[in-house]
Amino acid sequence: MSLIVSILADLLVAVLLVACIATSVSLGRRITRLKGDESAMRQTIGDLMVATESAERAIIGLRTTLAECDRTLAERLRLAERTNADLAAQLQAGDEVLSRIGRIVAQSRAAMPGEAAPQPAFAQAAFAQAPVAPQAEAAPAYAAPAAPVPPPAPEPRPVSTGERLGAAAAAARALSERALSRLQAQAA
């Protein structure tokens, strides 16, 4: 019996030794694969670090560009608001001039009872759209007098509608040239 037990013990040790060798070979292969994967991982980590650094530089460049665009846009918006305010003031002044011209034409027609020519359609529309705003400043020298208009001379020379339109066009041209020179002076 001791011989059988000794053989069985030797067989068991041999089987365990074969199993240990097989496991060692398997573990050796896994370690070799992991070492290969480790070098690939190191390469991947290096590539990721390079990509991260270039992305950080790109973000810094984008932030700088964004700040510059923001400053430029804010400056242009301020300029546009100033220009808008200037244009609004000039439009209001133009409307006031048109309303004054309309009042002058109406007073001259009222002063000439013999002429009852209808007002042209474009002039009626322009005078109807022009709001008459109360003036805070003193009336300029060319504004209509506050006192009633004295009666006209006994035989006034009749003024044609063409002459009136020519005078209105000349006044409008002079105002537009003056406004243009103001804009050019402000731009300079």
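Applying a threshold of 6 Å to beta carbon distances and a minimum spacing of six or more residues, or different chains, the list of pairs starting in segment 169-186 at a residue that is under 15 Å from Ala93 (Cα atoms) and ending at one that is in a helix (DSSP H, G or I) and at pLDDT 80 or above reads Leu175/Val97; Ala179/Gln90.
Taken as a whole, segment 66-75 holds no residue that is at pLDDT below 90, under 28 Å from the mean Cα position of the chain (by Cα) and hydrophobic (A, V, I, L, M, F, W, C).
Would you confirm whether or not segment 50-70 contains a residue that is of a type in the set (A, V, I, L, M), closer than 30 Å to Arg164 by Cβ, open to solvent by 60 Å² or more (accessible area, probe 1.4 Å) and assigned to a helix (DSSP H, G or I)? No, there is no match, as no residue in segment 50-70 is of a type in the set (A, V, I, L, M), closer than 30 Å to Arg164 by Cβ, open to solvent by 60 Å² or more (accessible area, probe 1.4 Å) and assigned to a helix (DSSP H, G or I). Among the residues of segment 4-20, at least one is more than 60 Å from the chain's Cα centre (by Cα), exposed (fewer than 10 other Cβ atoms within 10 Å of the Cβ) and of a type outside the set (Phe, Trp, Tyr).
Among the residues of segment 68-80, some residue qualifies, meaning at least one is within 26 Å of Ala172 (Cα to Cα) and of a type outside the set (S, T, N, Q).
The values are calculated or read from the model by the stated rules, or taken from the named source; none is laboratory data. All figures in this text were calculated on a predicted structure; none of them were measured in a lab. Glycine gets a Cβ as well: all are built from the backbone with ideal geometry, and neighbour counts include every protein chain shown. Calculation scope for accessible area: heavy atoms of the full protein, side chains included, ligands and nucleic acids excluded. Shrake-Rupley method; radii C 1.70, N 1.55, O 1.52, S 1.80 Å.
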